[in-house]
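Student: Sharing a structure, written as structure tokens. Questions coming.
The values are calculated or read from the model by the stated rules, or taken from the named source; none is laboratory data. Bear in mind that the values here come from a model prediction, so they are computed numbers and not experimental data. Reconstructed Cβ throughout: ideal geometry from the backbone, glycine too, with neighbour counts over all protein chains shown. Calculation scope for accessible area: heavy atoms of the full protein, side chains included, ligands and nucleic acids excluded. Shrake-Rupley method; radii C 1.70, N 1.55, O 1.52, S 1.80 Å.
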Amino acid sequence: SYLEEYLEFGGFPEITFEKNLETKQKIIEDYFELVVYKDLVERYKIKDALLIKWLLKYVSSCYSKEMSVNQIYLNLKSQGRKISKDELYNYISLLSDSFFVFYLPKFSWSVSKREPTQKIYLNDVGFAKISEISPDKGKKMENVVFLQLLRQKKPFEEFFYWKNVQQEEVDFVVKKKQTISQLIQVCYNLEDAETKSREIRSLLKAAQELKCAELLIITRDY
């Protein structure tokens, strides 16, 4: 039950100890406003506070997914907002500097060939409630695992995700110096045979390509 509550409301102490569900939601919204105006708008003297707020809501809706700056740029352009890609890159960087989000690059042995598309994770899954229509426990669990990887990060470790041309994916690649030390797949539930087959197949393909024997699947129960 604690796990389910953590996946829904995150881990801020004030929210954890609050019993009233509506109050929990209100505290999350207050924290969100605090991030917008204190950590970003006031700190970096940003004039377009509405754009930053939109951007935060946007990234809050696509956590545990791939995100590209070009995609956001086209989205804003379709709404008639005038912003250069350089400005947008700067704003995206500020979100990371404020520790509201973290970016996970796609794995490639060549640093120069790493693609600009990255996966995005929230600093607390409670912020997903700002823009979610219905909870996605699988995405939230993946976000939680990412945060735990950061907490226990060892010297010389780097984290990536893996994806091949067939769009098969492994959530986390743990690299230590020039060795892939572990591959991690996160799936809330593996009861569906097709889902289980897909997750394992992707993990084994990545293991073969990256020459890694330490494979881990994390589910809700095991």
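Student: Filter segment 90-102 down to residues that are of a type outside the set (Ser, Thr, Tyr), open to solvent by less than 50 Å² (accessible area, probe 1.4 Å) and farther than 19 Å from ASN143 by Cα, then give me how many there are.
Tutor: Within segment 90-102, residues that are of a type outside the set (Ser, Thr, Tyr), open to solvent by less than 50 Å² (accessible area, probe 1.4 Å) and farther than 19 Å from ASN143 by Cα number 1.
Student: Going by what's in this entry, would ALA213 be described as assigned to a helix (DSSP H, G or I) and of a type in the set (Gly, Ala, Ser)?
Tutor: It is false that ALA213 is assigned to a helix (DSSP H, G or I) and of a type in the set (Gly, Ala, Ser).
Student: Within segment 1-21, restricting attention to residues that are of a type outside the set (D, E, K, R) and in contact (Cβ under 8 Å) with a residue 60 or more places away in the chain, which residue is surrounded by the fewest Cβ atoms within 10 Å (Cβ to Cβ)?
Tutor: Among residues in segment 1-21 that are of a type outside the set (D, E, K, R) and in contact (Cβ under 8 Å) with a residue 60 or more places away in the chain, the one surrounded by the fewest Cβ atoms within 10 Å (Cβ to Cβ) is LEU3.
Student: Another question, if that's okay. From the list GLU66, GLU29, GLU87, pick out the single residue that is open to solvent by 40 Å² or more (accessible area, probe 1.4 Å), modelled with pLDDT of 85 or more and more than 21 Å from LYS139 (Cα to Cα).
Tutor: GLU87
Student: Cβ-Cβ distance below 6 Å, separation of 6 or more or different chains: which pairs start in segment 22-47 with a residue that is more than 19 Å from GLU87 (Cβ to Cβ) and end on one that is open to solvent by 60 Å² or more (accessible area, probe 1.4 Å) and in a helix (DSSP H, G or I)?
Tutor: Close Cβ pairs (under 6 Å, with a partner that is open to solvent by 60 Å² or more (accessible area, probe 1.4 Å) and in a helix (DSSP H, G or I)) amount to ILE27/GLU14.
Student: Output the number of the condition that TYR222 fails; it satisfies all remaining conditions of (1) over 23 Å from GLN71 (Cα atoms); (2) among the aromatic types (Phe, Trp, Tyr); (3) within 19 Å of the chain's Cα centre (by Cα); (4) not in a strand (DSSP E or B).
Tutor: Result: TYR222 fails condition (3) only.
Student: Which of (1) more than 18 Å from SER131 (Cβ to Cβ); (2) over 19 Å from the mean Cα position of the chain (by Cα); (3) at pLDDT 85 or above is the odd one out, the single condition LEU34 does not satisfy?
Tutor: For LEU34, the failing item is (1).
Student: Checking PRO105 against (1) open to solvent by 20 Å² or more (accessible area, probe 1.4 Å); (2) over 23 Å from GLN208 (Cβ atoms); (3) not charged (D, E, K, R): exactly one of these is not met. Which one?
Tutor: Result: PRO105 passes all but (2).
Student: For residues that are among the aliphatic types (A, V, I, L, M) and modelled with pLDDT under 95, scanning just segment 183-219, find the one that is most open to solvent (accessible area, probe 1.4 Å).
Tutor: ALA193
Student: Right, something else. Checking ASP39 against (1) closer than 26 Å to PHE9 by Cβ; (2) open to solvent by 70 Å² or more (accessible area, probe 1.4 Å), which test does it fail?
Tutor: That leaves (2) as the condition not met.
Student: Kindly indicate whether GLN167 is at positive phi and not in a helix (DSSP H, G or I).
Tutor: Criteria met by GLN167.
Student: Run ILE180 past the list (1) of a type outside the set (Phe, Trp, Tyr); (2) open to solvent by less than 100 Å² (accessible area, probe 1.4 Å); (3) out of contact with any helix residue (DSSP H, G or I) (no Cβ under 7 Å at 6 or more places or on another chain); (4) more than 20 Å from ILE120 (Cα to Cα) and report the number of the one that doesn't hold.
Tutor: Failed condition: (3).
Student: Answer yes if at least one residue in segment 150-173 is surrounded by fewer than 16 Cβ atoms within 10 Å (Cβ to Cβ), touching a residue at least 12 places away in the same chain (Cβ under 8 Å), within 17 Å of the chain's Cα centre (by Cα) and within 30 Å of PHE17 (Cβ to Cβ), and no otherwise.
Tutor: yes
Student: Scan segment 49-60 for residues that are surrounded by 13 or more Cβ atoms within 10 Å (Cβ to Cβ) and either of a type in the set (Ser, Thr, Tyr) or farther than 18 Å from LYS119 by Cα (or both) and jot them down.
Tutor: Of everything in segment 49-60, those that are surrounded by 13 or more Cβ atoms within 10 Å (Cβ to Cβ) and either of a type in the set (Ser, Thr, Tyr) or farther than 18 Å from LYS119 by Cα (or both) turn out to be ALA49, LEU51, ILE52, LYS53, TRP54, TYR58, SER60.
Student: Taking segment 132-148 as the search range and keeping residues that are free of Cβ contacts under 8 Å to residues at least 40 places away in the same chain and either in contact with a strand residue (DSSP E or B) (Cβ under 6 Å, 6 or more places away or on another chain) or of a type in the set (S, T, N, Q) (or both), which one is surrounded by the most Cβ atoms within 10 Å (Cβ to Cβ)?
Tutor: Ranking the qualifying residues of segment 132-148, first place goes to GLN148.
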